[in-house]
Amino acid sequence: MQNKKMKKFSLLVVFILMGIFLKAGSEDNSDSTRLWKLTGNSTLTFNQLHFSNWAEGGESSLSGSAWLNVKVTHEWKKFNSERNLILGLGVLRTQERDLRKTEDKIDYTSTFGYKAYNKWNYTTMVNFKSQFTNGYRYPDDSTLISTFMAPGYLTLSLGLQYKPSDNFSIFISPASGRFTFVLNEELANKGSFGVKPAVYSNDSVPVVLTPGEKFKPEFGINVNAQLKREIFTNVSIESRLILYNNYLDENIHNRWNIDMNWDALINFHINKFLSSNLRLNLLYDHDIKIKQYAEVDGQQVVVGEGPRLQFKESFGIGFNYKF
């Protein structure tokens with residue numbers, strides 16, 4: 001029941017965000033000093049494997065992913081704003097295993113700026129990140145490790161943005177609040193994603209004395225750099241680097257840690273509707289603890305836990321539509 005409610009809530013959030021774009025695109029543009037611009041692209045990729053009497057072995061599988069990237073920009077006199085929504089969902093099914101997700105992303109960014117000097121703007125930035133569905137520690141598909149709004153991240157920043165062109169910008173905010181949400185009680189009690197875990201009794205069957213916190217505030221510096229350009233003919237790259245440092249970490253030694261999130265999308269354009277793409281994601285968050293396993297007597301046993309550099313890569317070919 002809870003999962004159904006979370007899914008309905010996630011769809012409601014998406015519809016609200018899409019409504020913002022539709023409202024922006026329908027604004028009256030009769031004033032020549034105003035400029036609205038709507039751009040974006042959608043991608044649908046598939047991958048299929050089939051084996052029949054194959055001597056070397058193998059497992060038939062079917063996978064696919066769908067991505068939507070929509071951006072609305074607005075300029076009026078010395079004011080400018082930008083709204084960017086990125087949605088992604090990918091699934092995989094094999095002959096022996098049920099459906100599993102391979103991609104899951106909700107990422108919304110909104111900026112509002114006022115011209116300061118030359119290519120510099122006073123800017124406020126709002127960013128929201130989460131995911132659509134449950135995540136599990138595969139091949140274990142019974143242990144929940146993430147779901148919608150667990151985690152969810154909301155970042156509110158005030159600073160300066162340097163934007164010499166539409167293809168490059170860097171935003172620097174010395175006053176940025178980041179709020180981590182873990183609204184799933186099970187994950188909050190475990191202390192997932194940096195929230196305070198639950199306090200249990202020392203009984204043979206532990207009882208929760210104090211539930212885990214579902215909200216964690218941080219305050220620090222936020223740096224957001226974006227690049228978009230054509231590398232070669234019919235080959236382009238879109239990249240974003242986000243750095244965050246928490247001034248007020250309860251552990252003084254952790255105040256030197258910098259969280260990093262780097263995304264890169266390399267597009268290989270085949271024609272107007274076909275393309276292949278390579279997606280890269282490098283992530284480090286000191287508050288996310290990764291379990292390390294080792295095989296002991298034929299079983300996987302946890303031998304350590306701590307922050308680790310996370311990496312994800314995907315490559316696909318499919319249909320692409322720009323607007």
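Working note: Debye formula, equal point scatterers on the alpha-carbon atoms of the range 204-323, no solvent; log10 I(q)/I(0) at q = 0.11 Å⁻¹ is -0.65. State whether the range 45-87 is rounded, prolate or oblate according to the following rule on the C-alpha gyration tensor (a ≥ b ≥ c being the square roots of its eigenvalues): a/c under 1.5 gives rounded; otherwise a/b larger than b/c gives prolate, and the remaining case gives oblate. Cα axes put the range 45-87 in the prolate bin. Computed in the context of the full set of protein chains, the accessible area of the chain at 1.4 Å probe radius has 59% of its extent on carbon or sulfur. Mean silhouette area of the range 31-170, derived from the convex hull of its C-alpha atoms and averaged over all directions, reads 11.9 nm². Starting from a Cα-only point model with no solvent, please compute log10 I(q)/I(0) by Debye for the range 167-256 at q = 0.17, 0.24 1/Å. At q = 0.17, 0.24 Å⁻¹ the computed log10 ratios are -0.84, -1.11. Rounded to the nearest 500, the 222 nm mean residue ellipticity of the chain from helices alone is -3000 deg cm²/dmol, with -39,500 (n - 2.57) taken per DSSP H run of at least 4 residues. For Trp262, the accessible surface of its heavy atoms amounts to roughly 80 Å² (probe 1.4 Å, protein chains only, rounded to the nearest 10).
Rounded to whole Å, the principal axis extents of the Cα atoms in the chain read 71, 58, 37, largest first. Distance between the modelled labels on Phe219 and Ala175, one decimal in nanometres: 1.0 nm (7 Å Cα→Cβ projection). The lysine pair count for the range 210-323, using Cα distances under 28 Å and pairs eight or more places apart or on different chains, is 14.
Measuring only protein heavy atoms, the 1.4 Å probe finds Tyr108 accessible over about 20 Å².
Taking 0.36 nm per residue of separation and subtracting the current Cα-Cα distance, fully stretching the chain between Glu250 and Asn271 would add 2.3 nm.
The stretch between Asn53 and Thr233, if pulled fully straight at 0.36 nm per residue, gains 60.6 nm over its current Cα-Cα span. With each label modelled as a point 7 angstrom along the Cα→C-beta vector, the Asp141-Ile288 pair spans 2.3 nm.
The values are calculated or read from the model by the stated rules, or taken from the named source; none is laboratory data. These figures come from a predicted structure and were not determined experimentally. Glycine also receives a Cβ, built like all others from the backbone with ideal geometry; neighbour counts cover every protein chain displayed. SASA here: full protein model, heavy atoms, side chains in, ligands and nucleic acids out. Shrake-Rupley method; radii C 1.70, N 1.55, O 1.52, S 1.80 Å.
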